[in-house]
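Before any comments, here is the structure.
The values are calculated or read from the model by the stated rules, or taken from the named source; none is laboratory data. Owing to the predicted nature of the structure, the values given are computational and were not obtained by experimental measurement. Here the Cβ is made from the backbone with ideal geometry for all residues, glycine too, and neighbour counts use every protein chain on show. The protein model used for the area step is the full one, side chains on, heavy atoms only, and it has no ligands, DNA or RNA in it. Shrake-Rupley method; radii C 1.70, N 1.55, O 1.52, S 1.80 Å.
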Amino acid sequence: GGPMAAYMVADAPRTKIEGVRKLGGAVRFVTPETWWNYIVRSDAPDAPELLINPVTDAHVLAGNGSIGLEIVEDLPEPDWVLTPFGGGGLTSGVAAAVKARSPRTRVLAIEGEHAAPATAALQAGRVVTVPTTDSFVKSMGGPSVVPQVWPVVRELIDGTSVVTLAQIVQAMQLLCAQAKVVAE
C-alpha cells in the first residue's frame, strides 16, 4: 500500500510498465545510462523515493538466494546450475545459496551475445566495461558486472557461456512448448 516508483528505460517491455501501473506504481522513464548509474553507483534519483537497488540490495540478493535454495531442495546435488547474467545480482544470490547447500555444484552464468560482462571480467580478473547492442533481451546483458557484486561473482561462479540470440529464442520456445512457461 505504500507509494512506489519504478525507474525504467523507455523500451522496457510494455508488460512490465503496465504491471507496475496496474499495481498502483508510478513509472519514471530514464535513459539507459542514467538507469545503469543508479545500479552501479547506487545514486539516488532526484526524487523523494528510497532507491532499492535491484542488483545490490541485501534483501533483493536474499530473495535471489531463495531461488538457489529451491533448486537444491528439489534436486539436492545438481551438477550445474545455470543462471542468466545481467549485472550479477541474480547470479550472486543464487550461487551463494547453492554453494552453501551443495558446495560441489558448479554455477554457470549465461550471457547473450549482445553483452557478456561476466565473461570479460573473469578473463580480465577485474570488472571491465563491454560493448552492448540492443536486443529483445532486456533483463540480461549489462555493460559490466556491478562492482559491488564482483567479489561474489569472482569467487562463486565456475564459468560463463555466451549464447546467441537465436539460441535464446530456441530456449524460450522450448520452455513454452514443454513447460508452458513464457519467458524472456
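Worth pointing out:
Matching residues to (1) on the phi < 0 side of the Ramachandran plot; (2) open to solvent by 60 Å² or more (accessible area, probe 1.4 Å); (3) of a type in the set (A, V, I, L, M); (4) out of contact with any Gly (no Cβ under 8 Å at 6 or more places or on another chain):
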position	(1), (2), (3), (4)
VAL81	yes, no, yes, no
VAL98	yes, no, yes, no
PRO103	yes, yes, no, yes
GLU113	yes, yes, no, yes
VAL137	yes, no, yes, no
PRO143	yes, no, no, yes
GLU155	yes, yes, no, yes
GLY159	no, no, no, yes
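- Residue within region 154-166 that is under 18 Å from TRP36 (Cβ atoms), among the basic types (Lys, Arg) and out of contact with any strand residue (DSSP E or B) (no Cβ under 7 Å at 6 or more places or on another chain) present: no
- Flag for ARG41 being within 18 Å of the chain's Cα centre (by Cα) and either under 20 Å from VAL137 (Cβ atoms) or free of Cβ contacts under 8 Å to residues at least 24 places away in the same chain (or both): yes
- Residues located in region 122-143, provided they are at pLDDT 90 or above, in a loop (DSSP other than H, G, I, E, B) and under 28 Å from PRO78 (Cα atoms): GLY125
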